[in-house]
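See structure below.
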Amino acid sequence: MKQELTAKEEEAMNIFWQHGPQFVKEMIAFYDDPKPHINTLSTVVRTLEEKGYVAHKSIGTSYQYYAVISDEQYHKRTLSSVISRYFRGSYVNAISALVTEEKVSVEELKELIDQVEKSNKG
């Protein structure tokens, strides 16, 4: 997998993750108005393929595209990238920032610790 996804690429990936394999012309139905032009969407999908996020199979004279990475894999990798880039690779620093910014309360943090301890015992 190369490079991070742009917002438009992530939007297209969400269609693959939620609806499975798609022809580009089918994908347009899942977009809100104003819908992207088919050529624009085709370019986005081909870029996703170049980056290694989707692949295709030939059906007649058309290509049906499908995701080769799950949304869970993508989210984990993206989180790792953010932690690495902005928190010097420290998950503790990231959690500390969330607590300091009051995005996570101390009570929620204690609940999380309890969940992790229970999961490690079981």
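What follows is calculated from the coordinates using simple rules that are stated; it is not laboratory data. Just so you know, these numbers come straight off a predicted model, no measurement behind them. Using ideal geometry, Cβ is built from the backbone for each residue, glycine included, and neighbour counts are taken over all protein chains shown.
Ordering PHE23, ASN39, HIS56 by Cα displacement along the dipole of the chain toward the positive end leaves HIS56 in first place; charges were set at the Cβ atoms of Lys, Arg (+1) and Asp, Glu (-1). For GLN64, project a label point 7 Å along Cα to C-beta. Then give me every residue of region 8-52 with its amide nitrogen under 12 Å of that point. It comes to 20-24, nothing else.
The H on the amide N of VAL54, modeled in the peptide plane, is under 5 Å from the matching H of GLU49, VAL68, each at least 5 residues off or on a different chain. Relative to the longest principal axis of the Cα atoms of the chain, the long axis of helix 106-121 makes an angle of roughly 80 degrees. Compared with the dominant Cα axis of the chain, that is its longest principal axis, helix 71-86 is turned about 60°.
A full extension of the chain between ASP71 and VAL104 corresponds to an added length of 9.5 nm, given 0.36 nm per residue minus the alpha carbon distance. Tell me the angle of helix 91-100 to the major Cα principal axis of the chain, expressed in degrees between 0 and 90 and rounded to the nearest ten. That works out to roughly 80 degrees.
Partners of LYS51 within straight-line reach, counting lysines whose Cα lies under 25 Å from its Cα and excluding those fewer than 8 residues away in the same chain: LYS2, LYS8, LYS25, LYS35, LYS76. Take the Cα of GLU49, step 7 Å toward its Cβ, do the same at SER96, and the gap between the two points is 4.7 nm.
When the helices in the chain are scored as -39500 (n - 2.57) per DSSP H run of 4 or longer and the sum is shared across all residues, what 222 nm value do you end up with, to the nearest 500 deg cm²/dmol?
-18500 deg cm²/dmol
Normalised by the number of residues in the chain, the mean separation of alpha-carbon contacts (under 8 Å, six or more apart) gives a relative contact order of 21 percent.
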